[in-house]
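> This structure is in structure tokens; I'll ask about it shortly.
The values are calculated or read from the model by the stated rules, or taken from the named source; none is laboratory data. Treat the numbers as computed from the prediction; the structure is a model and nothing was measured. Glycine also receives a Cβ, built like all others from the backbone with ideal geometry; neighbour counts cover every protein chain displayed.
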């Protein structure tokens, strides 16, 4: 059910949603973004530079957070502002499962003009992978 401005209050929880990321997703993102850095698709190179293995692009992880809040709002155009800080990597195993990024959120405050400020939490396992993830969303 799409939230409405009158129907949400500060402190309201946004239900958790999980997104899978596989190596295939990363290769597709390489093509879409033009970022072909080998740490996002080559295990040997990622390990040689001290990474735990292939990692998701930070911007891919950020995009999943944007999808999370847009899905909650019911309209991608409702997201008027969105920003994050990257706080940890998302290692993506070389299997058909990949990694799971869990997103949850809270309505931080109601603003003017039918807008709400939302705090977003993104975790991969026990690790918080985005910090200061915040969005401003206009609701009907």
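> Go through region 31-64 residue by residue and tally those that are assigned to a helix (DSSP H, G or I), farther than 22 Å from residue 123 by Cβ and touching a residue at least 12 places away in the same chain (Cβ under 8 Å).
2
> So which of 86, 103 is crowded, with 20+ Cβ neighbours inside 10 Å, within 11 Å of the chain's Cα centre (by Cα) and modelled with pLDDT of 95 or more?
Just a single option satisfies the conditions, and that option is 103.
> Let me ask something additional. For region 59-77, which residues satisfy the criterion of being surrounded by fewer than 17 Cβ atoms within 10 Å (Cβ to Cβ) and more than 9 Å from the chain's Cα centre (by Cα)?
71, 74, 75, 76, 77
> With 105, 65, 83 as the choices, which residue is farther than 16 Å from residue 138 by Cα and in contact with a strand residue (DSSP E or B) (Cβ under 8 Å, 6 or more places away or on another chain)?
65
> Continuing with the same structure: In region 110-124, which residues are touching a residue at least 24 places away in the same chain (Cβ under 8 Å) and surrounded by 13 or more Cβ atoms within 10 Å (Cβ to Cβ)?
If the condition is that a residue be touching a residue at least 24 places away in the same chain (Cβ under 8 Å) and surrounded by 13 or more Cβ atoms within 10 Å (Cβ to Cβ), then 110, 111, 114, 115, 116, 118, 120, 122, 124 are the ones that fit.
> Another question, if that's okay. Give the residues of region 99-126 that are outside any strand (DSSP E or B) and on the phi < 0 side of the Ramachandran plot, sorted by residue number.
111, 112, 126
> Also, I was wondering about something else. Do the conditions hold for residue 15, that is, is it assigned to a loop (DSSP other than H, G, I, E, B) and loosely packed, with under 14 Cβ neighbours inside 10 Å?
Taking the combined requirement at face value, the residue does not satisfy it.
> Could you list all residues from region 70-81 that are within 13 Å of residue 115 (Cα to Cα) and either modelled with pLDDT under 95 or part of a helix (DSSP H, G or I) (or both)?
73, 77, 78
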